[in-house]
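No value in this document is a laboratory result; all are computed from the given coordinates. Bear in mind that the values here come from a model prediction, so they are computed numbers and not experimental data. Because the Cβ atoms are built from the backbone with ideal geometry, glycine has one as well, and the counts that use them run over all protein chains shown.
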Amino acid sequence: MSDLTDLYQELILDHNRRPRNFGELADADRCAHGHNPLCGDRWTVALRVDDGVITDVRFTGAGCAISKASASLMTEAVRERPVADALALFDRFQTVLTTPIDRDVETDTLGKLSVFAGVREFPMRVKCASLAWHTLKAALLDEASVVKTE
Amino acid sequence: MAGEQAALVTAPTLDLAAVRADFPALAQQVHGRPLVYLDNGATTQKPRAVIEALVRYYEDDNANVHRGVHVLSERATAAYEGARDLVRQLLHARAVSEIVFTRNATEAINLVARAWGDANVHAGDEVLITAMEHHSNIVPWQQLCARSGATLRVVPIDDGGNLVDEALDRLLTERTKLFAVTHVSNALGTVNPVAGLVARAKAVGAHVLIDGSQAVGHMAVDVEALGADFYVITGHKLFGPTGIGVLWGREAVLDAMPPFMGGGDMIRTVTLESSTWNDLPYKFEAGTPHIAGAIGLGAAIRYVRAIGFDAIQSHEAAIVGAAVERLRGIAGLRLIGTPRVRGGLISFVMDGVHPHDIGTIVDREGVAIRTGHHCAQPVMDRYGIPATARASFAFYNSAADVDALVGALERVRAIMG
């Protein structure tokens, strides 16, 4: 049986209580909104990209602890990283989140984001962990302005 | 003292252990703990009597209704029509011709919006709803107003979750063609004073639809006494199967309505050029119905009536009242909706904790509650919150379930800080 502490790890609780890079980004050059209509989570991710590198990223909105901590840790993970690296990181993150629990996952390259591997034990919450990332991807690829996960 | 003793003797009682033993799903463990099922507002568990009625129909009587002359079809038809009469008895309706089987309450409301609404609501008219409605009692009326050019008006609610009386007086006018209102709010727990509301709507000549989805499993309903035109219910919140609901409509009103859907069973004669309609209620039941579902619903009604609504209501009032008091004692917990009269559910939020985190943590303690917007987004907007956690009760819930809920919420506080 999975334990709640697999999900609500101290790092996640800390980023939920004190989200990093939370707030408006005045000189953003791209922005996207993410919305999970099922639970009401809403995030806006704003970015500044210079010469293919994410030079600044901030987020606003409201959501559950998993969702907010994921957005917060995401901003730390992609800041000062090339856009291609950020997108590749999302792919690896998404792979971990969607791997069945009875299979091993490679979390070595995820850094702090490996804390979300425990979300796999709670299938209803996987969308919470990925909403901010889908929103980031939409902003980077300039896709539709509102992303929905449900 | 004599009076008290008399009250003790005559007070309706409920044998909780016996009742709980009738519900196989309640006996299980989840995450290694006894299941505490407090999501009855979403759907109720099913007593063995309902499950056995479904099995009996499929094993012994499976046949289409109103068609065959063979014995299985006769038995299926008798059971299906018997269920209709049990619904009639439950709602205290005058005749079975007023009982239309639908898929659920949502379909019943859509039936009225289409068949009655399209014929009776026109540009310049108004449809009145309330700010505490479930999406199913909002969207069909928005669609009707978009089709007809009528205007949708909304009775606001106060901070406690009660309808604002003065606003209702102002909004009910001779332009109001229909007033659609919930009997019990699924998001706030409010029990609306529906008989009085109907009387006021009738005074301006409006028709009235009442959404009884959250009421029927908890209290006696008498549609004749209420005086409304339509009352809708869903079977699965009444301890019956999913996929079966009921529209009660006043016979004269139903009779004047065109059919909703066309097909088999709803016709009297069909030529390739035109058709004529069957009598009530069959005019509104096109195609093979959910026969097993109706029979299961009949079994559920029989079961609930055997317990009795006096016993159910006094038991639930005690449990819910105790739960309200205990929840008020939890630091940082705020009730959403403190209505003058509360039904079987309690919505709440906790400072600094999103309802979905509450839901996940209490689930691990074996406690099943609902978290989210409860298909009532306008209610969430009214309180400026994205979602609530909701504990909703049925007659099989116990004081121990309240203890488990409170313990689980204390664990939420311990984990989330």
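Using Cβ contacts closer than 10 Å as the measure, can you line up A:LYS137, A:LYS68 from fewest to most?
A:LYS137, A:LYS68
Counting pairs of alpha carbon atoms under 8 Å apart in space and at least six apart in sequence, what relative contact order in percent does region B:51-306 give?
Relative CO of region B:51-306 lands at 25 percent.
Between A:LEU38 and B:VAL69, what is the FRET efficiency for a Förster distance of 51 Å, r being their Cβ-Cβ separation, to the nearest 0.05?
The value I calculate is 0.55.
Considering every residue in A:59-68, what mean count of other chain Cβ atoms within 10 Å of its Cβ is obtained?
Mean shielding by partner chains, rounded to a whole number: 4.
Per-residue ellipticity at 222 nm for the protein assembly as shown, helices alone: DSSP H runs ≥ 4 residues times -39500 (n - 2.57), over residue total, nearest 500 deg cm²/dmol?
That comes out to -11500 deg cm²/dmol.
What's the longest bit of chain B with no exposed GluC sites (Glu not before Pro), using DSSP loop states and at most 16 other Cβ atoms within 10 Å as the test?
The segment B:1-173 is the longest one with no such site.
Could you state the number of Å between the C-alpha centres of region B:387-417 and region A:1-43?
Cα centroid of region A:1-43 versus Cα centroid of region B:387-417: 25 Å apart.
For each of B:HIS134, B:HIS70, count neighbouring Cβ atoms within 10 Å of the residue's Cβ, then give the residues from fewest to most.
The order, fewest Cβ neighbours first, is B:HIS70, B:HIS134.
If I take R0 = 45 Å and measure r between the Cβ atoms of B:ARG326 and A:ARG20 in this structure, what FRET efficiency does the formula 1/(1 + (r/R0)^6) give, to the nearest 0.05?
Taking R0 as 45 Å, the efficiency between B:ARG326 and A:ARG20 is 0.75.
Tell me, what is the percent relative contact order of chain A, built from C-alpha pairs under 8 Å that lie six or more residues apart?
Answer for chain A is 30 percent.
Evaluate the charge dipole of the protein assembly as shown about its Cα centre and quote only its size in Debye, nearest 20, assuming +1 on the Cβ of each Lys and Arg and -1 on the Cβ of each Asp and Glu.
Using only the charged Cβ atoms, the result is roughly 340 debye.
On a 0 to 90 degree scale, rounded to 10, what angle separates helix A:126-141 from the longest Cα axis of chain A?
20
Which number comes out as Rg/Rh for region B:13-142 once both Rg and the Kirkwood Rh are worked out on C-alpha atoms?
1.07
Report the residues of region B:193-209 in range of a label on B:ASP165: point 7 Å along Cα→C-beta, backbone N strictly under 13 Å from it.
Counting only backbone N, you get B:193, B:196-197.
According to the Cα gyration tensor, what semi-axes, each the square root of 5 times an eigenvalue, does the equivalent ellipsoid of region B:51-306 have, listed from largest to smallest in whole Å?
Values for region B:51-306, descending: 32, 22, 14 Å.
With 28 Å as the limit, write out which pairs from A:LYS68/A:LYS137; A:LYS112/A:LYS137; B:LYS177/B:LYS283; A:LYS68/B:LYS46 have Cα-Cα distances beyond it, or answer none.
A:LYS68/B:LYS46
What percentages make up the Cα-Cα pair-distance distribution of region B:316-412 when the bins are 5 Å wide from 0?
All Cα pairs, binned at 5 Å, distribute as 3, 13, 26, 27, 20, 9, 1 percent.
When the distances between all Cα atoms of region A:65-128 are binned every 10 Å from zero, what whole-number percent does each bin get?
With 10 Å bins starting at 0, P(r) equals 21, 57, 21, 1.
Sticking with the crude label model, points 7 Å out along Cα→Cβ, report the distance from A:THR55 to A:ASP108 in nm, one decimal please.
3.5
Using the Karplus curve 6.51 cos²θ - 1.76 cosθ + 1.60 with θ = phi - 60°, what ³J(HN,Hα) values do you get for each residue of region A:79-91, in whole Hz, with x for Gly and Pro?
Taking θ as phi minus 60°, the curve returns 4, 6, 10, x, 3, 4, 5, 4, 5, 5, 4, 4, 4 Hz for region A:79-91.
With a point put 7 Å past each Cα toward its Cβ, work out how far B:GLU410 is from B:THR288 in nm, to one decimal.
Roughly 5.5 nm, to one decimal.
Give, rounded to the nearest 20 debye, the magnitude of the charge dipole that region B:109-215 has about its Cα centre when Lys and Arg contribute +1 at Cβ and Asp and Glu contribute -1 at Cβ.
Result for region B:109-215 is approximately 340 debye, rounded to the nearest 20.
Over region B:196-255, calculate the relative contact order: mean separation of alpha carbon pairs under 8 Å at least 6 apart, over the residue count, as a percent.
28
Taking 1 over the mean of 1/r across every pair of different Cα atoms in region B:205-300, what Kirkwood radius in Å do you get?
So the Kirkwood estimate lands at 14.9 Å.
How would region B:49-96 be classified by its alpha-carbon gyration tensor: rounded, prolate or oblate, with rounded meaning a/c under 1.5 and the a/b versus b/c comparison settling the rest?
Oblate shape, in that a/c is at least 1.5 and b/c is the bigger or equal ratio.
Please figure out what share of the DSSP beta bridges in the protein assembly as shown is antiparallel and state it in percent, rounded to the nearest 5.
Given both bridge residues lie in the protein assembly as shown, the antiparallel proportion sits at roughly 65 percent.
If I build a Gaussian network model for chain B, linking alpha-carbon pairs within less than 10 angstrom, which residue out of B:ALA93, B:ALA294, B:ALA167 has the largest mean-square fluctuation?
B:ALA167
I'd like the projected area of chain A, averaged over all directions, using the convex hull of its alpha carbons. Report it in nm² with one decimal.
That works out to 8.2 nm², a quarter of the Cα hull's surface.
For chain B, find the longest principal axis of its Cα atoms and tell me its angle to the long axis of helix B:355-364, 0 to 90°, nearest 10.
Taking Cα atoms only, the helix is inclined about 70 degrees.
Can you tell me the equivalent ellipsoid semi-axes for the protein assembly as shown? Use √(5λ) from the Cα gyration tensor, largest first, whole Å.
45, 29, 25
Using alpha carbons only, how many angstrom separate the centre of region B:59-76 from the centre of region B:17-45?
34
Determine the sum of side-chain charges near B:GLY352: Lys and Arg each +1, Asp and Glu each -1, restricted to other residues whose C-beta is under 14 angstrom from that of B:GLY352.
Its environment carries a net charge of +2.
Quick one: B:HIS122, A:HIS33, B:HIS354, B:HIS31, fewest Cβ neighbours within 10 Å first, how do they rank?
Arranged by neighbour count, lowest to highest, B:HIS122, A:HIS33, B:HIS354, B:HIS31 become B:HIS122, B:HIS31, A:HIS33, B:HIS354.
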